[in-house]
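Step one of this worksheet: look at the structure below.
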Amino acid sequence: MKMFRAHVLVCAGTNCSLKANKAVQDRLIQEIDKRGLAGEIKIVETGCFGLCEQGPTVVVYPEGVLYCRVASDDVPELVEEHLLKGRRLERLLYKEEPPTDGKGLKTYQTIPEMDFFRGQTRIVLRNCGVIDPESIEEYIAQGGYQALGKALTTMKPAGVIEEIKTSGLRGRGGAGFPTGLKWEFAAKAQGDIKYVVCNADEGEPGTFKDRLLLEGDPHTILEGMALAAYAIGAAKGYIYIRGEYSLSIERLEQAIVQAKKMGLLGQGIFGSGFSFDVEIRVGAGAYVCGEETALFESLEGGRGEPRLKPPYPTDVGLFGRPTVINNVETLANVVPILANGAKWYRGFGTEKSPGTKVFTLTGDIVNEGLIEVEMGTTLRDIIFGIGGGIPGGHAFKMAQSGGTSGGCLPAALLDVPMDYDELAKVEAALGSGALLIMDDAHCIVDIARVFARFFEHESCGKCVPCREGTMRIHEIATLVTQGLATEQDLDNLAALARTMALACLCPLGQAAPVPIMTTLKYFRDEYDAHVKEKRCPTGTCRGLADPARALTAAGKGA
């Protein structure tokens with residue numbers, strides 16, 4: 001194997017690709033060739049480092065120096081200074097926001113020194129930004145497919161299930177159901193044909209963790225699916241993925257070809273009697289197809305609408321057969337658990353929520369992007385530690401946990417531990433792992449209206465509570481922002497939200513009113529200002545920002 005004195009890793013995730021990372025990579029190759037360094041320095045196209053807002057990003061190893069917002073025209077100077085002269089190019093280094101003591105910017109030179117990475121525990125994301133995702137050899141060099149080999153040669157299917165049960169792994173797609181228990185149900189279900197399905201639909205706004213994981217480490221998902229299949233007795237797996245995820249699809253297709261060529265998918269894997277194959281199915285992008293039974297309907301060629309449960313997928317799932325369906329992040333946890341053991345895994349997180357959680361940070365936060373932290377890490381540590389705080393001198397106002405259908409938490413709950421049980425106590429959830437951060441310039445009522453409009457648009461319409469409820473919630477929220485609502489409207493809004501949470505057919509409809517319920521609970525003063533005083537405290541809502549227009553609106557409401 002050829003040895004290089006330096007590796008230059010260029011982020012090739014979708015976020016950096018949209019910022020012309022390819023031009024940076026091509027220029028790096030050109031400049032290195034021009035200086036006769038091609039035999040000494042290797043350029044690697046890798047997955048997301050996590051600092052999406054700072055892209056295109058480049059990391060130079062062995063030093064681990066991270067360069068941010070690199071443009072093609074920056075490359076000659078970067079090559080000259082760092083790769084030839086051994087000096088860091090200061091102007092492209094990541095820089096933190098000014099600390100609260102006002103002493104100026106803190107400049108970090110290497111990845112281990114940065115608060116963004118130092119505060120993380122990367123189990124699921126262990127290979128993202130480290131390996132070439134298009135190379136199965138690099139995945140294997142990092143320990144890839146060893147867990148599958150271990151399971152097939154030294155463990156029985158029941159033993160694999162027991163290890164996952166002992167680990168305490170819970171589904172990372174939103175519901176948090178114990179993964180090992182789901183596998184056990186499917187293994188015991190009657191039927192000669194069973195399926196494993198990877199849910200890569202990821203339709204929740206603000207959520208892109210699964211996409212970046214698939215782009216940065218596709219073999220982890222294939223290995224996790226193979227382990228699930230061995231555990232339940234399945235020979236066929238499907239990856240249901242959004243059609244917009246073109247790079248993820250491309251890398252998955254390539255990974256499947258590579259794994260088959262090496263005998264890691266297909267017939268008689270590792271010389272055993274176990275055979276398993278994977279097929280990719282591309283969805284049309286309907287939000288409701290993130291729900292497991294609606295996904296099955298779509299995968300079978302029908303209209304994406306949820307089914308009544310029971311029966312549950314582990315008994316009657318895809319094509320009417322027993323099926324295990326797991327989220328991308330859930331499957332990515334399976335490999336390190338089987339490789340290192342359940343006891344090792346339980347050393348992270350909390351007693352009832354072991355392991356880590358991957359989050360996507362968006363909104364009014366310095367370090368927008370992808371992170372992974374231990375379960376139980378507080379919201380405060382995520383936002384003000386890893387996330388770098390609120391930019392522009394503004395104050396924190398709200399964090400929505402779990403995507404657009406998640407609970408909206410105020411500053412008083414910044415110290416809530418981010419795990420399944422603690423969030424449930426404050427009417428929020430981990431959900432899809434999206435964390436939307438908002439500063440004090442935003443109107444909570446207007447934001448709730450936008451959320452309501454999304455659910456009205458995305459409701460599949462199958463059940464009346466969701467079809468009619470989402471429409472009415474949007475109507476009332478709009479009246480509030482216009483200064484036309486009454487106190488009775490607010491009571492009706494709360495009652496309608498409670499009814500939907502109880503009566504909707506599927507979890508997506510049941511979760512749709514959660515933003516309304518939590519903003520009414522934690523930000524009631526803003527609703528009251530719009531309704532009682534005909535005033536928008538932030539001046540966001542048109543018609544209420546101007547006192548004269550607010551009086552006109554109040555007159556119309558009367």
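The figures follow:
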| quantity | calculated |
| --- | --- |
| Difference of contour (0.36 nm per residue) and Cα-Cα distance, Ala235 to Glu40 | 65.7 nm |
| Extended-chain gain in nm, criterion 0.36 nm per residue less alpha-carbon gap, Trp344 and Leu181 | 56.7 nm |
| Antiparallel DSSP beta bridges within segment 6-118, as percent of all bridges there, nearest 5 | 60 |
| Part-to-part distance (alpha-carbon centres) for segment 336-381 and segment 1-24, which is given in Å | 26 |
| Near-label residues of segment 43-69 by backbone N, under 16 Å of a point 7 Å along Cα→Cβ of Glu113 | 59-68 |
| Rounded Å value of the spacing that divides the Cα centres of segment 39-98 and segment 396-428 | 35 |
| Qualifying lysines (Cα of each under 20 Å from Cα of Lys521; at least 8 residues distant if same chain) | Lys397, Lys425, Lys532, Lys534 |
| For segment 6-118, Kirkwood radius (reciprocal of mean inverse C-alpha pair distance, Å) | 14.3 |
| All-pairs alpha carbon distance profile, the chain, 20 Å steps from 0, percent | 21, 51, 26, 3 |
| Percent RCO, i.e. relative contact order, over the chain, from Cα pairs under 8 Å lying at least 6 residues apart | 12 |
| Cα gyration tensor shape of segment 168-210, rounded if a/c is under 1.5, else prolate or oblate by comparing a/b with b/c | oblate |
| Estimated FRET transfer efficiency when R0 is 22 angstrom, pair Val257-Glu137 (beta carbons, to 0.05) | 0.95 |
| Contour minus Cα-Cα distance for Thr166 and Leu18 (0.36 nm per residue) | 49.1 nm |
| Pairs beyond 22 Å (Cα-Cα), from Lys165/Lys188; Lys2/Lys34; Lys19/Lys95; Lys182/Lys261 | Lys182/Lys261 |
| Cβ-Cβ FRET estimate between Glu279 and Asp528, R0 fixed at 56 Å, reported to 0.05 | 0.55 |
| Rough spin-label spacing in nm, given labels placed 7 Å along Cα→Cβ, for Asp33 and Leu502 | 6.9 |
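Read the figures in this text as sums done on the coordinates, not as results from a lab. Worth saying up front: this structure is predicted, and the values here are computed from it rather than measured. Please note: Cβ atoms are built from the backbone with ideal geometry, for glycine as well, and neighbour counts cover all protein chains shown.
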